[in-house]
Amino acid sequence: MLKCNIEKQLNHFVLNVDFDVKNEILCIMGESGSGKTSILNSIAGLLTPNKGSIVLNENILFSEQINLKPQERKVGYVFQDYALFPNMSVKDNIFFMNPDEFYTNSLIEKLGIEYLLQNFPNTLSGGEKQKVSIVRALSNKPNLLLMDEPFSSIDEKFKNKFYEELIEIKKSLDIPIIMVTHNRLEAEILSNRVIFIDKGRIVK
């Protein structure tokens, strides 16, 4: 379980949220610039809150006394732009953090990207980049998966296939998933629960 209770001064408002995430898919929705990605970045350790706490499975990721580095948090992150290293092959991108080889190869097989391993990111479609990014994010067996608009670059006619794959991945993982999306239908299909953010606060 994740417990997130944080406050952070952003450019135009104060991000102030308090929520829990159990073994479920939680979708965070809201207008652009409402603080959704800042929540993910705070959990991942890429943004430091001014105060509060972030606790994952009883392990303190952030508090007034503790602020673990991103690589110490056991949190996987699928970025909106996928954040793949352009000068590395798909295989090198995935194995960059020296993950468990057997487990990672099982993920590669599950998402059917064996044929891409020697390719470079600039040769991949949006859907292929997304699959590579998911495998990389899961390769170190995280205790939580964060996904920021993961399907925004996917052609509409292919999205249902990706939704099915994410649902199958969730079934095989015993971890919470937090996904930011603007797509209400996407949230209805994928999530167990939705929270709405407006100017840094949960409104419903």
Loop only by DSSP, 15 or fewer other Cβ within 10 Å of the Cβ. Give me the GluC sites (Glu not before Pro) in region 46-149 that pass, ordered by residue number. Glu58, Glu64
Pairwise centroid distance, computed over Cα atoms, of region 1-65 with region 136-204, Å: 16
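Per 0.36 nm of contour for each residue apart, how much would the distance between Ser32 and Ser89 grow if the chain were fully extended, relative to their Cα-Cα spacing?
17.3 nm
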List the trypsin sites (Lys or Arg not before Pro) within region 1-61 that fall in a DSSP loop (any state other than H, G, I, E or B) and whose Cβ has at most 12 other Cβ atoms within 10 Å. Lys22
Hull volume per residue for region 22-126, using the convex hull of the C-alpha atoms, in Å³ is 157
Directionally averaged shadow of region 1-76, computed from the convex hull of its alpha-carbon atoms, nm²: 5.0
Cross-link partners of Lys131 among lysines (Cα-Cα below 26 Å; sequence separation of 8 or more within a chain): Lys22, Lys36, Lys69, Lys74, Lys91, Lys110, Lys141, Lys157, Lys159, Lys161, Lys170, Lys171
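How big is the C-alpha Rg of region 157-197 next to the rule-of-thumb value 2.2 N^0.38 Å, as a ratio?
Expressed relative to 2.2 N^0.38 Å, the Cα Rg reads 1.18.
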For region 66-198: accessible area per residue (Å², 1.4 Å): 51
Cα atoms only, region 32-89: Rg and Dmax in Å? 13.1, 40
Using a 1.4 Å probe on the protein chains only, how many percent of the accessible area of the chain belongs to carbon and sulfur? 48
Distance histogram in 5 Å bins (all Cα pairs of region 103-182, percent per bin): 3, 14, 26, 28, 19, 8, 1
Straight distance only, please: which aspartates and glutamates reach the Cα of Lys199 with their own Cα at less than 18 Å, same-chain residues fewer than 8 apart left out? Glu7, Asp18, Glu31, Asp148
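Tell me the volume per residue, in Å³, of the convex hull enclosing the alpha carbons of the chain.
Per residue, the Cα convex hull of the chain comes to 118 Å³.
The values are calculated or read from the model by the stated rules, or taken from the named source; none is laboratory data. Treat the numbers as computed from the prediction; the structure is a model and nothing was measured. Quick reminder, even Gly has a Cβ in these numbers, built from the backbone with ideal geometry, and neighbours come from all protein chains shown. Heavy atoms of the whole protein, side chains included, go into the accessibility calculation; ligands, DNA and RNA do not. Shrake-Rupley method; radii C 1.70, N 1.55, O 1.52, S 1.80 Å.
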